[in-house]
1. Applying the selection to the range 279-298, what residues are crowded, with 19+ Cβ neighbours inside 10 Å and under 22 Å from T209 (Cβ atoms)?
2. Looking only at residues that are closer than 23 Å to A76 by Cβ and among the aliphatic types (A, V, I, L, M) in the range 1-18, which one is surrounded by the fewest Cβ atoms within 10 Å (Cβ to Cβ)?
3. Which of the strands (runs of 3 or more DSSP E) contained wholly in the range 230-311 include at least 3 residues that are at pLDDT below 95 and not polar (S, T, N, Q)?
4. With respect to the numbered conditions (1) crowded, with 24+ Cβ neighbours inside 10 Å; (2) within 16 Å of the ligand (Cβ to nearest atom); (3) over 15 Å from V120 (Cα atoms), which one is the sole condition not fulfilled by S33?
5. Do we have any residue at all in the range 162-185 that's surrounded by fewer than 13 Cβ atoms within 10 Å (Cβ to Cβ) and among the polar types (S, T, N, Q)?
6. Can you pull out every residue in the range 156-169 that is of a type outside the set (S, T, Y) and more than 22 Å from K238 (Cα to Cα)?
7. Please go through (1) within 27 Å of Y235 (Cα to Cα); (2) in a loop (DSSP other than H, G, I, E, B); (3) of a type outside the set (S, T, N, Q) for E137 and return the number of the only condition it doesn't satisfy.
8. Could you tell me which of the residues L126, L99 is surrounded by 14 or more Cβ atoms within 10 Å (Cβ to Cβ), under 25 Å from I267 (Cβ atoms) and away from the ligand (no atom under 15 Å from the Cβ)?
Amino acid sequence: MKRIVISHWDLDGLAGATILNMSMKVSKTYLSSITAIPRYINMAIQNIGVKGEIWISDLNPQPNQINELKSLLKEAVDRKIKIYWFDHHEWDKSIYDMLIEFKDNIWYRVDPNTIASDLVARYFDLTDDNYVSKLLELAFDDDYFLNRYELTIMWRRILRWYGWPIRYKALDSFIKRNLKPIWMVELYKREVKNIYENMIREAISRSDTIITRQGLKIVIFQDVDPRIHPGEVTYIAKTNGLIADIYIIRYPRGISLRSDYIDVSLIARKLGGGGHRNAAGIPGFRDINSLLSFIVSLEEKRKLRESIYLQ
Ligand SMILES: [Mn+2]
């Protein structure tokens, strides 16, 4: 029986994929982005053939992928392939509704109060394992943007900077229980650190500030290089006194939304994306004007104010 892992490529995703590889015999691991979920599920199904398992971690299915996912799940049922899915992003209700008819074939655990790799570790009862707890600490540090360790920042930047081959190389090091391989440290010092920090400063210098009629302050970072992490731009902007209610980071292939107290996942979900309350994204969406008018319409309906939360 073949077992395939599909996981996100960031630290939480890599940690989840690592724990799955440590806990079971895995024939193949695919690292994926949110938009590529259906493509990799399809590849996994073709690769397995008949009878097997697909384990997914740290990836949230998008409402616009529903039809594609539904036909893939039907194929998985026909081929006796069972799916296990761990995630910590908010899933749209339409996804849960679609999954009902597949309840014998798909097992999922979605808990926005933690990270996906923590759910995986708990499933395999590995949270007390020394190496696993270090891995989880790193993933928490990245996902909650605590930045307590320089190692977190190094990995976050390296994983964004170099793309797929380096992400697989990182996974390989993690599976070999090496969280700080020399190749990564050298690459970071030689090629990433300075250029990355310059790019963040440059993105901040080109930002636009908009204040809506109701007084909502929105900062837009236009055309940001995809290698720059949205949390880092926002974090450094805030440190420099650029304070806003909502931050919009516009990438060549999508938009990221950040806020300290407004539920931006509400905005993202309505426009075909998703995420968390204070960090969400809309893959493939770039139309700032319609995004702004949508935010204003929510604000006028007082939806955004109702979403304001205190932590
Ligand atoms: Mn992730």
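The values are calculated or read from the model by the stated rules, or taken from the named source; none is laboratory data. Because the structure is a prediction, the values reported are computed rather than measured. Cβ sites come from the backbone with ideal geometry, for glycine too, and all protein chains shown count toward neighbours.
1. Step one: filter the range 279-298 for residues crowded, with 19+ Cβ neighbours inside 10 Å, giving 279-283, 291, 295, 298.
Selection gives A279, A280, G281, I282, L291, I295, L298.
2. Only one residue tops the list, namely M1.
3. Numbers: elements: 246-251, 254-258, 279-283.
In the range 230-311, 279-283 are the strands (runs of 3 or more DSSP E) which contain 3 or more residues that are at pLDDT below 95 and not polar (S, T, N, Q).
4. Tallying (1) crowded, with 24+ Cβ neighbours inside 10 Å; (2) within 16 Å of the ligand (Cβ to nearest atom); (3) over 15 Å from V120 (Cα atoms), S33 fails exactly one: (1).
5. No, the range 162-185 has no match at all.
6. Matches in the range 156-169: I158, L159, W161, G163, W164, P165, I166, R167, K169.
7. Against the list (1) within 27 Å of Y235 (Cα to Cα); (2) in a loop (DSSP other than H, G, I, E, B); (3) of a type outside the set (S, T, N, Q), E137 comes up short only on (2).
8. On the way: L126 fails: under 25 Å from I267 (Cβ atoms).
Going through L126, L99 in turn, the sole match is L99.
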